Amino acid sequence: MIYWYGREKIDVFIDAFQMCHRIDFAHRLELQPVTLPLADLALTKLQIVEFTEKDIKDTLALILASDWAERDEPGVFNVARFAEVLAGDWGLWKTVTNNLHMLERHAESLLQGDAPALAKVRDGIRRLREATDARRKSWRWRLRAVIGERVRWYELPEEP
């Protein structure tokens with residue numbers, strides 16, 4: 001649903017986030033008091049096919065603010081949840097993987113020589129890749145992987 005407040009547009013998603021890919025949040029909305037858990041929040045950014053510098057900066061900030069674990073709690077990025085979602089959807093996996101590569105390529109210039117921050121970002125990306133690679137992929141994921149990039153795997157959201 002889209003609401004307008006003056007000139008400001010407000011997107012409201014209920015139970016699922018649908019832009020370039022669909023991400024189901026119905027069972028995750030009450031895990032944190034004010035926002036989505038960090039893994040889910042990251043997926044809403046990393047699912048963007050036309051990943052911009054603003055998206056890169058937002059995702060870097062999210063990674064830098066995160067601790068890493070395989071559980072949901074405030075301030076913790078649940079790598080198991082992240083990997084679980086990607087293991088069920090080849091298209092989402094493809095887009096997120098592309099964006100992680102882009103994030104890694106741009107991190108050094110955007111962090112301007114901040115060695116500890118750059119190390120944390122690289123470590124976070126490594127953790128996400130390792131968890132995702134280790135996760136058993138669904139049969140739907142494997143079937144879609146056979147088709148690969150020959151068929152578009154994403155939607156482009158329409159602007160009103």
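What follows draws every value from the coordinates through simple rules; no lab data is involved. Note that the coordinates shown come from a computational prediction; the quantities given were computed from them, not determined experimentally. Reconstructed Cβ throughout: ideal geometry from the backbone, glycine too, with neighbour counts over all protein chains shown.
Here are a few things to note about the model shown:
- Along the chain, longest interval not containing exposed trypsin sites (Lys or Arg not before Pro), exposed being DSSP loop plus at most 13 other Cβ atoms within 10 Å: 72-135
- Taking amide hydrogens as placed 1.01 Å from N in the peptide plane, the amide H of F77 sits under 5 Å from those of D67, W68, A69, each at least 5 positions away in sequence or on another chain.
- Free of any chymotrypsin sites (Phe, Trp or Tyr not before Pro) that DSSP assigns to a loop and that have at most 16 other C-beta atoms within 10 Å, the longest stretch within the chain is 14-153.
- Converting phi to 3J(HN,Hα) with the Karplus coefficients 6.51, -1.76 and 1.60 and the offset θ = phi - 60°, segment 71-78 yields 8, 9, 6, x, x, 10, 8, 7 Hz in sequence order, with x at every glycine or proline.
- Phi angles of segment 35-52 translate, via the Karplus equation with coefficients 6.51, -1.76, 1.60 and θ = phi - 60°, into HN-Hα couplings of 9, 6, x, 4, 4, 5, 4, 4, 4, 5, 7, 6, 7, 6, 5, 8, 5, 9 Hz per residue; Gly and Pro are given as x.
- Cα-derived Rg over Rh, computed across the chain with Rh taken as Kirkwood radius: 0.96
- J(HN,Hα) series, segment 120-136, from Karplus relation 6.51 cos²θ - 1.76 cosθ + 1.60, nearest Hz, glycine and proline x: 5, 5, 4, 5, x, 5, 4, 4, 5, 5, 4, 5, 5, 5, 6, 6, 5
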